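Please read the structure below before turning to the comments.
The values are calculated or read from the model by the stated rules, or taken from the named source; none is laboratory data. Everything numeric here is computed off the predicted structure, so don't read it as measured data. When we count neighbours, we look across all protein chains shown, and the Cβ atoms used for this are built from the backbone with ideal geometry, even at glycine. SASA here: full protein model, heavy atoms, side chains in, ligands and nucleic acids out. Shrake-Rupley method; radii C 1.70, N 1.55, O 1.52, S 1.80 Å.
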Amino acid sequence: MNAENEQLLLRWGVLDNHLDAGFSSRLTLINSTSVPLESEWTIYFNFLRVVDSESVTPPLTIEHVNGDLFRIRPRDNFGSLQPGDSVQVEFRSAAWAVGATDGPAGAYIVIGDESSARPAIKSVEVEIEPFLDERQTDRGSSDNKPVQTPDLDYARNRAITSLAPAEVMPVTPTPIMVEWSDGEVELSAGLTISAPQELRGEAELLADRLFDFIGIAPAVSETLDDDRSLIRLRLQEATDANLSGADDERYTLLVDPADGIDIVGASGAGVFYGIQSLLALIDPEVRDTGEARVRAVRILDAPRFGYRGMHLDVARNFQSKESVLKLLYVMSFYKLNRFHFHLTDDEGWRLEIAGLPELTDVGAFRGHTADESDHLVPSFGSGPDPDPRVSNGSGFYSREDYKEILRFAHERHIEVIPEIDVPGHARAAIVSMKERHRRLMAAGQEDAAVEYMLTHPDDESKYMSVQHWNDNVIDVCMSSTYDFLEHVVQDVVDMYDEAEVPLTTIHTGGDEVPAGVWSKSPACAELMAAEGDKHLPSYFLDKLNNIISGHGLATAGWEEVALYVDEAGGHSGKKPDVTLLEKGIRPYVWNSIWGAGSEELGYRLANAGFDIVLSSASNLYFDLAYDKHPDEPGYYWAGYVDTRKPFELEPYDLYRSGKEDLMGNPISQSIYSDKEVLTERGRSNILGVQGQLWGENAKGSGMMEYLAFPKLIGLAERAWAPQPSWSKAPTMRERDSALDAAWNEFANRLGSRELPRLDVTFGEVGYRIPPPGAVIEARLLKANVAFPGLEIRYTTDGSIPEATSALYTGPVEVSGPVRLRTFNRRGRGSRVVRVDVSSI
């Protein structure tokens, strides 16, 4: 049998996270093929942590290639590995590793040297060893965050009580005012929606949604007094139309059994949001029945914040156009109105740009490569094959795809804010332009070849980015850099114009530029000699802002773009650079990690006069794991972000939102006593909040939805709903009690209405189903759920619970181990948990 058709096994396990610096782990290479593994081979894999190559024990070596790509090679005296034999190496790495997410991924082997005609072989299976003791599951000795176990979940879930349907708000986000009345309005066949021409789009979307929700296809009429009309859409009277900010999204919804349904908005957006509230009143269980009954009600509503955002990174792992449209569909239902589209980064360039085909020909694909002339190296386990059908690391949006996304979002009153990440996080663009240069030079077109170069060929600057790239920052001293940026910005503007969709803002990233960049750049040396010393970060931002503002657009970036940059290239003191205020730079504040010392940064920037978007990692980074469990996907560098974290963030009272640091240690409110207090001016400068979904672990649409939902619903609640009463409590004790009660209602809302809606009305969203809590006390199995409305199934014979297994309805006597899972109404289950009588 040919070994190319068989698999090697690469097994990895953590040994000790409690070392003075970093952690130790072990790799075991097992030859599970039928032929010997000779000495001329290389295994590539992606790994989150930096490996200390000097610590690797014989007989193998582990070398850093770039980014998160490493390679294993045999030492000179290796010989061969016979079928069935194995070899082990131990090594040290930086930081810690406490879960499967931290392990190696995407391993593959190349037989022969890199110039060999034999291709990379997809024949290495990675196996993660279990995390069993504290030295494997703790992030060092200071980690007080326990691994989430069924008994801990049971204790946490005991605070959740099931509420009667009448006690659960059916509309999410919560409106300002809801007045219920007697009676109902029936929606059924023959329904007509009347709307003026300017609301035709909203009326047709409502008709489409009613078809999706209950299977009826209403007619749409422009005759407002049509006797057949049961739903009437209207704009506010002209005398009330002089509105600004969030007020122009206000609406009134009136459901009257005697007179039908009226939705009146201050704008098309307001009418659209009134439509979403009407749809929320429809029980999701009536899908395709042909009728629905809506309870009589009067709702007056407007959003708390004008900016209600969701960020999606498609550069690290690509998401299809269909997945993006589905996300926008759900966002619009929950009244989110900004889609921050992270289109470029070190690991991928995802948008076709006219005249620069290499950006997507090269920069949109990842796979095994000798020189990256064909595509980028693998990242995040994307593997050796660049084919988008098998690799989450490959893919891009054509200009037509992007315009379709823009139109879809605009129809639903969502503004798409594109992010072109520079000057750091730019490796995909850099590699692509190098290939463009090579191709044109080979064709004898020297002038064209250098037109859009982003780095100087003789730059010997040494640096390492946070994600371990050593070549991911564009050269800010080269005129070709700005020619490239002008070309890209112009083409992005053209796409919005062609789609007939407004563009107001371009997000430029601007974060995580490592120390050491440009220090040995000939272009920078030449610039300094000609024009005198320059503060290069400010020089770059000023030129980039001029390009963007020259198109009548605003420049946004992560918080770093608004901070003073010291001579060492850092942000010592995290001081706002007030000289940027007149340029209208908009910072998105992300690094306010509880207990880390920068909790006040958002308030500091807002008080200084910057319009900010709160994007706090500790509550709003949806790519962070839901809880601490080895099998729970996601990072945790800013702590763990479960569904409650976005819900409990209070933008105007941040300090009382942070009660535990990223290591699980309680935070005393006294540490905030000297933090900057939000002023009235600062309050007015908080535009809103935004959830972030970075793409490192969003491998495919299913995992993207798992990480985003149901967290996104809590984000929507906090972005739209009025200031919660619990945030006004005078003491922390009263606040916590009121917050727990509010969360209990919201948890019931999720379990009984919103998760069932995600099951059926958007093409089935793959949200995370929380595992059940469970204990065995006196041989009685007791179990509970985080969201009432979900059900628990269990087995006592060692098998995996399925949707047909025994239904848990109350305490049951057991005599041995029990396995349990939570299930939704579609029969999809959570992670399996186990409890044992012997653990009492």
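Does the stretch 496-506 contain any residue that is touching a residue at least 40 places away in the same chain (Cβ under 8 Å), open to solvent by less than 50 Å² (accessible area, probe 1.4 Å) and within 20 Å of GLY424 (Cα to Cα)?
Yes, the stretch 496-506 contains at least one residue that is touching a residue at least 40 places away in the same chain (Cβ under 8 Å), open to solvent by less than 50 Å² (accessible area, probe 1.4 Å) and within 20 Å of GLY424 (Cα to Cα).
Determine which single condition THR252 fails, assuming it passes every other condition in (1) part of a strand (DSSP E or B); (2) open to solvent by 10 Å² or more (accessible area, probe 1.4 Å); (3) touching a residue at least 60 places away in the same chain (Cβ under 8 Å).
(3)
Can we say GLU167 is loosely packed, with under 13 Cβ neighbours inside 10 Å and in contact (Cβ under 8 Å) with a residue 12 or more places away in the chain?
On the way: loosely packed, with under 13 Cβ neighbours inside 10 Å: yes; in contact (Cβ under 8 Å) with a residue 12 or more places away in the chain: yes.
So GLU167 passes the test.
Could you check the stretch 203-219 and list, in sequence order, the residues that are at pLDDT 95 or above, open to solvent by 20 Å² or more (accessible area, probe 1.4 Å) and either on the phi > 0 side of the Ramachandran plot or touching a strand residue (DSSP E or B) at 6+ places or on another chain (Cβ under 7 Å) (or both)?
GLU204 - this is the single residue of the stretch 203-219 that is at pLDDT 95 or above, open to solvent by 20 Å² or more (accessible area, probe 1.4 Å) and either on the phi > 0 side of the Ramachandran plot or touching a strand residue (DSSP E or B) at 6+ places or on another chain (Cβ under 7 Å) (or both).
Anything in the stretch 329-349 that is out of contact with any strand residue (DSSP E or B) (no Cβ under 6 Å at 6 or more places or on another chain) and open to solvent by less than 10 Å² (accessible area, probe 1.4 Å)? List them, or say none. Before you say what the answer is, go through the steps one by one.
Let us first name the residues in the stretch 329-349 that are out of contact with any strand residue (DSSP E or B) (no Cβ under 6 Å at 6 or more places or on another chain), namely 329-330, 332-335, 346-349.
Correct list: VAL330, SER332, PHE333, TYR334, LYS335, ASP346, GLU347, GLY348, TRP349.
I'm trying to understand the selection: among the residues of the stretch 644-656, which are touching a residue at least 60 places away in the same chain (Cβ under 8 Å) and open to solvent by 10 Å² or more (accessible area, probe 1.4 Å)?
The first filter runs over the stretch 644-656 and keeps only residues touching a residue at least 60 places away in the same chain (Cβ under 8 Å), leaving 644-654, 656.
Matches in the stretch 644-656: ARG644, LYS645, GLU648, TYR652, ASP653, ARG656.
Restricting attention to the stretch 47-83, and to residues there that are among the small types (Gly, Ala, Ser) and at pLDDT 95 or above, which single residue is farthest from ASP20 (Cα to Cα)?
My answer is GLY67.
Those residues that are in a loop (DSSP other than H, G, I, E, B) and touching a Pro at 6+ places or on another chain (Cβ under 7 Å), I need them from the stretch 665-716; list them, please.
Initially, the stretch 665-716 is screened for residues in a loop (DSSP other than H, G, I, E, B), giving 665, 667-668, 673-679, 685, 694-700, 709-710.
Listed by number, the list holds a single entry, ASN697.
Cβ-Cβ below 8 Å, separation at least six or inter-chain, first residue in the stretch 822-833 and over 12 Å from GLY751 (Cα atoms) and touching a residue at least 12 places away in the same chain (Cβ under 8 Å), second assigned to a strand (DSSP E or B) and open to solvent by 10 Å² or more (accessible area, probe 1.4 Å): which pairs?
Qualifying pairs under 8 Å: GLY829/ARG793; GLY829/ARG821; SER830/ARG821; ARG831/ARG821; VAL832/ARG819; VAL832/ARG821; VAL833/ARG819; VAL833/ARG821.
Could you please give the count of residues in the stretch 657-676 that are out of contact with any strand residue (DSSP E or B) (no Cβ under 9 Å at 6 or more places or on another chain) and free of Cβ contacts under 8 Å to residues at least 24 places away in the same chain? Break it down stepwise before answering.
In the first step, residues of the stretch 657-676 are kept if they are out of contact with any strand residue (DSSP E or B) (no Cβ under 9 Å at 6 or more places or on another chain); the result is 657-658, 665, 668-676.
Adding the requirement that they be free of Cβ contacts under 8 Å to residues at least 24 places away in the same chain leaves 668, 670, 673-674.
Selection size over the stretch 657-676: 4.
Taking the criterion of being closer than 13 Å to ARG834 by Cβ, of a type in the set (A, V, I, L, M, F, W, C) and assigned to a loop (DSSP other than H, G, I, E, B), would at least one residue in the stretch 762-784 satisfy it?
Checked against the condition, which is being closer than 13 Å to ARG834 by Cβ, of a type in the set (A, V, I, L, M, F, W, C) and assigned to a loop (DSSP other than H, G, I, E, B), the stretch 762-784 yields no hits at all.
How many residues, within the stretch 431-465, are assigned to a loop (DSSP other than H, G, I, E, B) and either touching a Cys at 6+ places or on another chain (Cβ under 7 Å) or surrounded by 14 or more Cβ atoms within 10 Å (Cβ to Cβ) (or both)?
Step one: of the stretch 431-465, the residues assigned to a loop (DSSP other than H, G, I, E, B) are 443-445, 450-465.
Next cut, either touching a Cys at 6+ places or on another chain (Cβ under 7 Å) or surrounded by 14 or more Cβ atoms within 10 Å (Cβ to Cβ) (or both) only: 450-456, 459, 461, 463-465.
Of the residues in that region, 12 qualify.
Could you figure out which of (1) over 30 Å from THR344 (Cα atoms); (2) in contact with a His (Cβ under 8 Å, 6 or more places away or on another chain) isn't true of HIS311?
Failing condition for HIS311: (1).
Taking the stretch 709-746 as the search range and keeping residues that are over 28 Å from the mean Cα position of the chain (by Cα) and of a type in the set (S, T, N, Q), which one is most open to solvent (accessible area, probe 1.4 Å)?
Among them, the one singled out is SER725.
Of these, PHE408, PHE365, which one is among the aromatic types (Phe, Trp, Tyr) and more than 23 Å from LEU485 (Cα to Cα)?
It is PHE408.
Given the criterion at pLDDT below 95, more than 19 Å from GLU419 (Cβ to Cβ) and either touching a His at 6+ places or on another chain (Cβ under 6 Å) or open to solvent by less than 20 Å² (accessible area, probe 1.4 Å) (or both), identify the matching residue among GLU599, GLU531, GLU567.
Working: GLU531 fails: either touching a His at 6+ places or on another chain (Cβ under 6 Å) or open to solvent by less than 20 Å² (accessible area, probe 1.4 Å) (or both); GLU567 fails: either touching a His at 6+ places or on another chain (Cβ under 6 Å) or open to solvent by less than 20 Å² (accessible area, probe 1.4 Å) (or both).
Going through GLU599, GLU531, GLU567 in turn, just one is at pLDDT below 95, more than 19 Å from GLU419 (Cβ to Cβ) and either touching a His at 6+ places or on another chain (Cβ under 6 Å) or open to solvent by less than 20 Å² (accessible area, probe 1.4 Å) (or both): GLU599.
If the requirement is being surrounded by fewer than 23 Cβ atoms within 10 Å (Cβ to Cβ), more than 25 Å from ASP153 (Cα to Cα) and hydrophobic (A, V, I, L, M, F, W, C), which of these qualifies: LEU662, LEU678?
LEU678 is the lone residue from the list that is surrounded by fewer than 23 Cβ atoms within 10 Å (Cβ to Cβ), more than 25 Å from ASP153 (Cα to Cα) and hydrophobic (A, V, I, L, M, F, W, C).
Every residue in the stretch 777-809 that is more than 25 Å from ASN748 (Cα to Cα) and either open to solvent by less than 20 Å² (accessible area, probe 1.4 Å) or of a type in the set (Val, Ile, Thr) (or both), please.
Hits for the stretch 777-809 are THR795, THR796, ILE800.
So is LEU485 part of a helix (DSSP H, G or I) and either free of Cβ contacts under 8 Å to residues at least 24 places away in the same chain or aliphatic (A, V, I, L, M) (or both) or not? Steps first, please.
Details: part of a helix (DSSP H, G or I): yes; either free of Cβ contacts under 8 Å to residues at least 24 places away in the same chain or aliphatic (A, V, I, L, M) (or both): yes.
Yes.
Among the listed residues LEU15, LEU9, LEU27, which satisfies the condition of being open to solvent by less than 20 Å² (accessible area, probe 1.4 Å), touching a strand residue (DSSP E or B) at 6+ places or on another chain (Cβ under 7 Å), outside any loop (DSSP other than H, G, I, E, B) and under 19 Å from GLU129 (Cα atoms)?
Among LEU15, LEU9, LEU27, only LEU27 is open to solvent by less than 20 Å² (accessible area, probe 1.4 Å), touching a strand residue (DSSP E or B) at 6+ places or on another chain (Cβ under 7 Å), outside any loop (DSSP other than H, G, I, E, B) and under 19 Å from GLU129 (Cα atoms).
Given the criterion within 25 Å of the chain's Cα centre (by Cα), under 21 Å from THR61 (Cα atoms) and in contact (Cβ under 8 Å) with a residue 40 or more places away in the chain, identify the matching residue among ASP153, ASP102, ASP113, ASP85.
The unique qualifying residue is ASP102.
For the stretch 35-97, please list each of the strands (runs of 3 or more DSSP E) lying entirely inside it that holds at least 1 residues being open to solvent by 50 Å² or more (accessible area, probe 1.4 Å). Full working, then the answer.
Numbers: elements: 41-46, 60-66, 69-74, 86-93.
Of the strands (runs of 3 or more DSSP E) lying wholly inside the stretch 35-97, those with at least 1 residues that are open to solvent by 50 Å² or more (accessible area, probe 1.4 Å) span 60-66, 69-74, 86-93.
For GLY702, indicate whether it is open to solvent by 30 Å² or more (accessible area, probe 1.4 Å) and under 14 Å from the mean Cα position of the chain (by Cα). Full working, then the answer.
Numbers: open to solvent by 30 Å² or more (accessible area, probe 1.4 Å): yes; under 14 Å from the mean Cα position of the chain (by Cα): yes.
Answer is yes for this residue.
Can you tell me which residue in the stretch 466-485 is most open to solvent (accessible area, probe 1.4 Å), limited to those that are over 17 Å from GLU419 (Cβ atoms) and in contact with a helix residue (DSSP H, G or I) (Cβ under 7 Å, 6 or more places away or on another chain)?
For the stretch 466-485, the residue satisfying everything is ASP471.
Evaluate the stretch 53-63: report whether one residue or more is at negative phi, in contact (Cβ under 8 Å) with a residue 40 or more places away in the chain and not basic (Lys, Arg).
no
Can you find a residue that is touching a Lys or Arg at 6+ places or on another chain (Cβ under 6 Å) and of a type in the set (Ser, Thr, Tyr) anywhere in the stretch 190-200?
Taking the stretch 190-200 as the starting set, the residues that turn out to be touching a Lys or Arg at 6+ places or on another chain (Cβ under 6 Å) are 192, 194.
Narrowing further to those that are of a type in the set (Ser, Thr, Tyr): 192, 194.
Yes, the conditions are met somewhere in the stretch 190-200.
Which one is least open to solvent (accessible area, probe 1.4 Å), of the residues in the stretch 121-141 that are assigned to a loop (DSSP other than H, G, I, E, B) and under 28 Å from TRP41 (Cα atoms)?
Among them, the one singled out is SER123.
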